[in-house]
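The values are calculated or read from the model by the stated rules, or taken from the named source; none is laboratory data. Keep in mind it's a predicted model, so treat the numbers as computed, not measured. Positions of Cβ are generated from backbone atoms using ideal geometry, with glycine treated the same way; all protein chains shown enter the neighbour counts.
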Amino acid sequence: MKKLQLAGRRWSEIVDCHPWFKTYTISAIVVCIALTLGTIGRFQLHQTVLDQKQRLIEQQQRKLQAMQTANATLQATSHQQLDQLKTQDEQLLIQQNELLYLNDRLVQVEQIMGISEPGAESTLEQRVDAASINSAVRSEMLRAIPSGEPIAAFRRSSGYGRRVHPVTGQVRHHSGLDLTAEVGTEVYAPADGVVELTRRSRTGYGNMVRIQHAFGFTTVYAHLKDFDVKQGEFVAKGQRIAWSGNTGLSTGPHLHYEVRFLNKPYNPTPFIKWSAEDFGALFESNKSIAWADLVDTIATSMEVPVELTIRNGESALTLNVEALTPAEGDDESETPDNTKQDNS
């Protein structure tokens, strides 16, 4: 205690002897206090800014979570609506097949009972002399109209016509052929055409492709594993378009194959067996199609000269292509097309 009192007296003596020291000391204390208060103020301001940033981040996170939740709900609703539309489309297709089948049956009953007008159906049943069709027309028809096998290795498991559905157990018209094949077996286009529809689905036809061919013919490929084409793409006969699978309403790996004319399904078997060696068989098995008119149309179109102009920059190359039907007595083994090229 005495030491503190002694130190205090010495400090007083120093201050009394040096008045400027007292002033400096007070100034230093004031400066220290000011610096301390400034530091505390800056810290509080910084903390306030950090709190505001944290609140903004939390608000953005809440908005992002709300948007993600709304997006997930919208996607789920969209997928559900898309599945419903696919199911409705497939149901409409089935009902259309049923109506077409019932209409054919009704026409047959009317013909048996003598109700239908004479010649109502016979106008389409035209006799076609297959032997008189030249090789050029035959080649064009086999290229443009579905012919041959759409899949390399298969076993027919379900035919065309009325059957008991293997899954639903209902008696319905089967509008195509079920060709059993391993999953991943390549599927080929049976004729030139353009891809009208590609669709992925877990119900009904499953993954499917529909191709439009010339002269009103259409082919359908269903229960695919995957497809190798897109809508609007032009395909050539023999081109790979898909792989067989087991998608949709299916009991095992297979390809469901349909051939349609003006959207009416026909038995695909005669089209699969149709070839140059047995060219007239298809006409006899599907007499409701005006084959004679079709043959005349193709033959006439091949007699018309076609001029193609290909422009490359400022220069132009004109090709005059004229396909003529061979005259009687000509050797059909020779090339049926006569091509002339003009480089002028």
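Of all residues in region 261-299, which are surrounded by fewer than 15 Cβ atoms within 10 Å (Cβ to Cβ) and in a loop (DSSP other than H, G, I, E, B)? If the condition is that a residue be surrounded by fewer than 15 Cβ atoms within 10 Å (Cβ to Cβ) and in a loop (DSSP other than H, G, I, E, B), then 262, 263, 275, 276, 277, 278, 280, 288 are the ones that fit. Candidates are the residues of region 206-235 that are touching a Phe, Trp or Tyr at 6+ places or on another chain (Cβ under 9 Å) and not in a strand (DSSP E or B); the one that is nearest to residue 291 (Cα to Cα) is 215. Take the conditions under 22 Å from the mean Cα position of the chain (by Cα), in a loop (DSSP other than H, G, I, E, B) and in the same structural domain as residue 180 (by TED's automatic domain parsing) and apply them to residue 238. Does it pass? Yes, satisfied. Taking (1) at negative phi; (2) surrounded by 14 or more Cβ atoms within 10 Å (Cβ to Cβ); (3) modelled with pLDDT of 90 or more; (4) not β-branched (Val, Ile, Thr) in turn, residue 230 satisfies each apart from (2). Going by the structure shown, is residue 209 surrounded by 24 or more Cβ atoms within 10 Å (Cβ to Cβ) and in the same structural domain as residue 258 (by TED's automatic domain parsing)? Taking the combined requirement at face value, the residue satisfies it.
Within region 172-200, the set of residues being hydroxyl-bearing (Ser, Thr, Tyr) and crowded, with 20+ Cβ neighbours inside 10 Å comprises 175, 185, 198.
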